[in-house]
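Scroll down for the structure; my scribbles are underneath it.
No lab work stands behind these numbers, since they all come straight from the coordinates. These numbers come from a predicted model, not from an experiment. All Cβ positions, glycine included, derive from the backbone under ideal geometry; neighbour counts span all protein chains shown.
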Amino acid sequence: MSAGLEQRGVVVTGAGSGIGAATARLLALRGARVAVMDRDADSAAAVADEIGGLALTCDVSDSAAVDAAIARADAELGGLSGLVNNAGIGNLKPLEDYSDRDIELIWRVNFMGTYACLRAAVPYLRLTAGHRKEPSSVVNMASVSGLRPTSGEAPYSAAKAATVALTSSAALEWAPTVRVNCVSPGLIHTPLNDVLVSDESVRAGMEQRTPLGRVGTAAEPATLIAFLLSDESGYVTGQNVVIDGGSMLSSAQMDPVLRPLLDMFDA
């Protein structure tokens with residue numbers, strides 16, 4: 001078990017599948033009490049039942065619902081020591097084809113949803129930190145798309161870049177009682193990007209441009225998140241940790257790989 005996770009209450013958003021589900025499972029395995037939050041009630045219940053956690057049905061773009069869900073998690077888990085802001089949505093099409101509604105939805109879930117969860121959780125995180133005499137911990141989910149441009153992902157990239165900036169500000173304001181860090185995955189095989197990974201030509205192109213030569217698994221960022229939540233990372237705050245198989249080391253972008261997909265929208 002990782003030091004500092006045993007019997008700690010942690011909320012994981014978007015935990016019904018993908019990285020969120022892998023994180024919830026790993027945290028429970030390492031002794032945490034986990035609230036599985038997802039807008040899909042069945043998915044949240046399935047993961048919660050599997051790990052003996054608390055299922056919370058909540059759309060993070062609804063701030064009132066977030067407030068209620070976080071309060072319930074704190075009450076039923078016996079306090080909150082951690083929060084993983086993983087819920088997110090994406091899209092892929094030319095910039096000029098995004099409607100105002102498209103952009104608003106991406107922004108509300110990926111950025112405002114993260115902000116709503118932070119705002120709702122911080123009083124509980126501070127209270128628990130005071131009882132434990134150790135900082136609580138938050139991990140926000142960003143993306144390498146927020147660090148370098150990729151054709152077709154402009155609104156998503158903007159929201160993730162804003163999440164990185166939000167992480168830095170929160171870490172500065174909330175120290176020393178709450179540590180706040182960020183994780184930026186590269187290509188990880190999850191339901192969110194299954195359309196990319198399941199296309200053999202796209203996958204092959206992405207693997208070719210990744211120094212480690214493969215797509216990541218959901219378990220890999222989950223392990224990093226567990227570390228950042230634990231006391232083992234007790235001197236780490238305000239950081240954005242990239243987990244991408246080395247793809248950010250190359251100046252080559254994903255445009256040659258993704259442009260054929262964008263062209264399909266124009267056909």
**Prompt:** Counting only residues 5 or more places away or on other chains, whose amide H sits under 5 Å from the amide H of Gly152 once H atoms are built in the peptide plane?
**Reply:** Leu95
**Label-point separation, Asp231 to Ala75 (7 Å along Cα→Cβ), nm** = 3.0
**Asked** Sequence-distant or interchain residues sharing an amide H contact under 5 Å with Ala87, placed H: which?
**Response** Thr13, Gly14
**Net lengthening on full extension, Leu172/Lys133 (0.36 nm per residue, minus Cα-Cα)** = 12.2 nm
**Request:** Calculate, axis by axis, the spread of Cα positions in region 108-153 along the three principal axes, and write the results as whole Å, longest axis first.
**Result:** 47, 20, 7
**Highest-fluctuation residue, Met112, Met141, Met248 considered, GNM on the chain with Cα pairs under 10 Å** = Met248
**Prompt:** Which value in nm describes the separation of the simple spin-label points at Gln7 and Asp102, placed 7 Å from the Cα toward the beta carbon?
**Reply:** 5.1
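Throw me the Rg/Rh for region 103-214, computed over C-alpha atoms with Kirkwood Rh, two decimals.
Computed over Cα atoms, the ratio is 1.07.
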**Asked** Along region 105-112, what does the Karplus equation 6.51 cos²θ - 1.76 cosθ + 1.60 (θ = phi - 60°) give for ³J(HN,Hα), rounded to whole Hz, x for Gly and Pro?
**Response** 5, 4, 5, 5, 7, 6, 10, 4
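Work out the FRET efficiency for Ala41 and Leu249 from their Cβ-Cβ distance, taking R0 = 35 Å, and round it to the nearest 0.05.
Using R0 = 35 Å, I get an efficiency of 0.30.
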**Message:** Through the Karplus equation 6.51 cos²θ - 1.76 cosθ + 1.60, θ set to phi - 60°, convert the phi angles of region 41-55 into ³J(HN,Hα) values in whole Hz; use x for Gly and Pro.
**Reply:** 4, 5, 5, 4, 5, 5, 5, 4, 4, 5, 9, x, x, 9, 8
**Request:** Return an integer: the convex hull volume of the alpha-carbon atoms of the chain, in Å³ per residue.
**Result:** 119
**Request:** Could you tell me what % of all Cα pairs in region 1-57 have separations over 13 Å?
**Result:** 46
**Asked** Which three lengths, in whole Å and largest first, does region 1-137 cover when its Cα atoms are put on their principal axes?
**Response** 50, 29, 24
**Request:** Using the Karplus curve 6.51 cos²θ - 1.76 cosθ + 1.60 with θ = phi - 60°, work out ³J(HN,Hα) for each residue of region 57-65 in order, rounded to whole Hz, and write x for Gly and Pro.
**Result:** 8, 7, 8, 5, 7, 9, 5, 5, 5
**Prompt:** Is it possible to state the helix-based mean residue ellipticity at 222 nm for the chain, with each DSSP H run of 4+ residues giving -39500 (n - 2.57), the sum divided by total residues, to the nearest 500 deg cm²/dmol? What is it?
**Reply:** -14500 deg cm²/dmol
**Asked** Whose amide H sits under 5 Å from the amide H of Val241, counting only residues 5 or more places off or on another chain, with H placed in the peptide plane?
**Response** Cys182, Val183, Ser184
